[in-house]
Amino acid sequence: MMDYACVVSDLPKAKTLKSPCISWSTVAAYDPDAVLVGCCGFSLERNVKDAQSTLGLRSLRAAAKGEDAIFACDGNAYFAQPTHLLVHGCAILAATAYRNQPEVLMAIEKCHRSFRTPMLPSSYLAGWERVTLPMTDDDIYYGK
């Protein structure tokens, strides 16, 4: 799906067609520009909670002030089920990776004419959202 979304990952390619299990420490080591938590089989609510409770996400470029590039989605709907929603999952991947490139986002939206629903679900009700990490004592103390 990442290939279809034209998303580049520095993580090693899996040797099988199945998605590999990636630890949070591995994610932290690669320090990605954006993170989309969409674990297969988990709802949006569960993936948001997992992202918010993972302290290692705070240190990533994706969580830096002004970036706010941590997202969560309904992994069960957009990544785990063999349905038409997999195409929407690819669009969500592309939108999170190219969030600062309006021309790419407009191109994705143009594609929606071929589908019954917009390519990019636009709200919480549609199954994806930007994750706000909870503040820590350090954030308050240092004014972050």
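The values are calculated or read from the model by the stated rules, or taken from the named source; none is laboratory data. Note that the structure is a prediction, hence the values are computed from the model and not measured. For neighbour counting, all protein chains shown are included, and Cβ atoms are generated from backbone atoms with ideal geometry for every residue, glycine included.
Entry remark, the stretch 95-117: residues being touching a strand residue (DSSP E or B) at 6+ places or on another chain (Cβ under 6 Å) and at pLDDT below 85 number 0 in total.
In summary, residue 48 fulfils each of the numbered conditions (1) crowded, with 20+ Cβ neighbours inside 10 Å; (2) in contact with a helix residue (DSSP H, G or I) (Cβ under 8 Å, 6 or more places away or on another chain); (3) of a type in the set (Val, Ile, Thr) with the single exception of condition (2). In this structure, residue 92 does satisfy being modelled with pLDDT of 85 or more and surrounded by 17 or more Cβ atoms within 10 Å (Cβ to Cβ). Whether any residue in the stretch 4-24 is in a helix (DSSP H, G or I) and either farther than 22 Å from residue 64 by Cβ or without any contact (Cβ under 8 Å) to a residue 40 or more places away in the chain (or both) is what I want to check. Yes, that holds for at least one residue.
In summary, residue 54 fulfils each of the numbered conditions (1) polar (S, T, N, Q); (2) surrounded by fewer than 13 Cβ atoms within 10 Å (Cβ to Cβ); (3) in contact with a Phe, Trp or Tyr (Cβ under 9 Å, 6 or more places away or on another chain) with the single exception of condition (2). Among the residues of the stretch 63-83, the ones that are part of a helix (DSSP H, G or I) and surrounded by fewer than 21 Cβ atoms within 10 Å (Cβ to Cβ) come to 4 in all.
Of all positions in the stretch 49-62, none carries a residue that is assigned to a loop (DSSP other than H, G, I, E, B), more than 20 Å from residue 127 (Cβ to Cβ) and basic (Lys, Arg). Picking from residues in the stretch 1-25 that are aliphatic (A, V, I, L, M) and farther than 16 Å from residue 36 by Cβ, the one that is surrounded by the fewest Cβ atoms within 10 Å (Cβ to Cβ) is 17. Among the numbered conditions (1) at pLDDT 90 or above; (2) under 13 Å from the mean Cα position of the chain (by Cα); (3) hydrophobic (A, V, I, L, M, F, W, C), the only one that residue 39 does not meet is (1).
Per the listing 125, 120, the residue uniquely in a loop (DSSP other than H, G, I, E, B) and modelled with pLDDT under 80 is 120. Against the test of being touching a residue at least 60 places away in the same chain (Cβ under 8 Å) and under 11 Å from the mean Cα position of the chain (by Cα), the options 93, 86, 57 yield a single qualifying residue, 93.
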